[in-house]
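Bear in mind these aren't lab numbers, they're just calculated from the coordinates by the rules spelled out. Given the structure is predicted, the values throughout are model-derived calculations rather than measurements. So basically every Cβ, Gly included, is an ideal-geometry build from the backbone, and we count neighbours across all protein chains shown.
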Amino acid sequence: MNGFERHDIDHGSASMVNDAINNPGKFIAHRCFKNDWPIGSAGDRGNAIEAGIEQVVVYGKTIEEAIAYAYKIYDADVALKLTDRFVQSNREKIELGIMMGVEAFKPYGKALEPELDPSRPERKPQHKVKINCKTPFWELPLIGYLDFVFPNPPSGVPTIIDLKTIAKIPRVMSKQHQRQRAIYAAAKPGFDVKFIYVSPASTVTLEDGDVPQIMSDMKKALIRWERFLNLGDADFLASIVPMSPDDSEFNTTARKELLREKFGF
Amino acid sequence: MGLGLINNEESSDGGGAFFKYMANQGYYTFDGEELDDDFAFVIDHTTVETGWIRFVPPVDFSHLTALGVDNGANPEPGTGKGEGERSPYSLGFKIRVYSKKIDGVKHLMSNSYMAKLGYEPLFDKIFAEAKNNAGKMPVVSFDLDRNKDTKKPGRQAHKNGPSTNWEPLMKIVKWVDPPADLAVAETPKAEVVTPSTDGSEDPEF
């Protein structure tokens, strides 16, 4: 039994690898102790803007219809986030985000309609991709969901675009986003993979990172984690993983309680 | 047996002396004799096999398959973690190796945790570099620059209660043309891991 199997981890993702590299405490809390790690209203805002833009570039709806649809999605997602102080301010950014995002997507034409995953019919249709991290001793599929796929853009090169809504436009993609991009690029050879960043002020399209190098580094990180996970059960790993008592990932009441209960801080 | 290497490896072609990695000692042996720390040997990476191996009698090597083939389920899963409850099988590997110091071609086979810890990153390096070394085979040895100020350079100690086992820290010394004795493959050619481009199956890395 390999380390991932020992902790009932049957697949990974870009966020899992990012946690393995940057947030080992969160990795253990979320993926070994199996605690939910819900996103905040900023994440819900991003999902709502993406859903709205999808209405336009995939399904040909009007901007007005897209905005109404996005509000519906957002309001449902934040309905129980009673302690999130940013629910209203994030809601106010949705309309502008959709308008700017739609403009940024114009050069790519019509996006491919996502398909329903038969294994998860309850989820909305998505473009699922998979790439296997394979060693002689274990194999772990990394799964991702593509935001937008343009099979025939004017550039002639099939293009995948991931949408990021963000407060401030970056000059270079973060390492975390570069890893996500590398997984998509390696899983879909022959496709350009770009990230469009949308802020209230402007948009930018980036495609940073040396994909083979990043994939190699991610594999090394996963090999290290497989060994680490094989050292013991979740309680044991929590007792030895280097942790900070003020780890910024443990920033809600429930997570602070988790930090105290599982990690002793 | 804890993390120690199980010392019943079948390692020779057609009988004769055994070539083994002794995890509890931290060195390779041939015919029971310790080999020097700078001992280097050729690995035929094109015929690596992995699978469920049983060294506890009755030994069973029948589940080994070429790389890229699903290892399948443990033929005899354990019933618990206590003495006598663990599965007699563990996933392991078998490779053909060559050196004049071990009288030519031998098999190195192990399912021990220490050997796997050491050989897993070595295989990664080998398969990464193989693309630029077509037709050649790697010469490998302990990486004596690692842990060089310790009692056993090129090895990593793992304490387990009163005993210590040694993970081999291996490196690729160079790539060479295959020795003539290794030219005839006796096992299925391994599938060297490369990304699929036709979309017919999930790519790998």
Inset, instruction - With springs only between Cα atoms under 10 Å apart, run a GNM on chain A and tell me which of A:LYS81, A:LYS194, A:LYS93 wobbles the most. - result: A:LYS81
Legend entry - Rg in Å to one decimal, and Dmax rounded to a whole Å, for the protein assembly as shown via C-alpha atoms: 26.0, 81
Inset, instruction - For chain A, find the longest principal axis of its Cα atoms and tell me its angle to the long axis of helix A:94-105, 0 to 90°, nearest 10. - result: 80
Inset, instruction - Under 15 Å Cα to Cα from B:LYS151, which aspartates and glutamates show up? Leave out anything in the same chain fewer than 8 places away. - result: B:ASP36, B:ASP37, B:ASP38, B:ASP143, B:GLU167
Legend entry - Other protein chain Cβ atoms within 10 Å, averaged over every residue that makes up B:116-124: 4
Inset, instruction - Under 17 Å Cα to Cα from A:LYS34, which lysines show up? Leave out anything in the same chain fewer than 8 places away. - result: A:LYS26, A:LYS256, A:LYS262
Inset, instruction - Using a 10 angstrom cutoff on alpha carbons, build the Gaussian network for chain A and name the most mobile of A:SER15, A:SER202, A:SER119. - result: A:SER119
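What do you get for Rg/Rh over the range A:98-213 if you use C-alpha atoms and the Kirkwood form of Rh?
Answer for the range A:98-213: 0.99.
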Inset, instruction - Would you list which lysines come within 23 Å of A:LYS110, measuring only between C-alpha atoms, while excluding same-chain residues fewer than 8 positions from it? - result: A:LYS61, A:LYS124, A:LYS128, A:LYS164, A:LYS188, A:LYS194
Inset, instruction - Report, in deg cm²/dmol and to the nearest 500, the calculated mean residue ellipticity at 222 nm for chain A, where each DSSP H run with n ≥ 4 adds -39500 (n - 2.57) and the sum is divided by the residue count. - result: -13000 deg cm²/dmol
Inset, instruction - About the Cα centre of the range A:41-211, how large is the charge dipole given +1 on each Lys and Arg Cβ and -1 on each Asp and Glu Cβ? Please answer in debye to the nearest 20. - result: 400
Inset, instruction - Quick one: among A:ALA111, A:ALA238, A:ALA167, which has the greatest mean-square fluctuation in a GNM of chain A with alpha-carbon springs under 10 angstrom? - result: A:ALA167
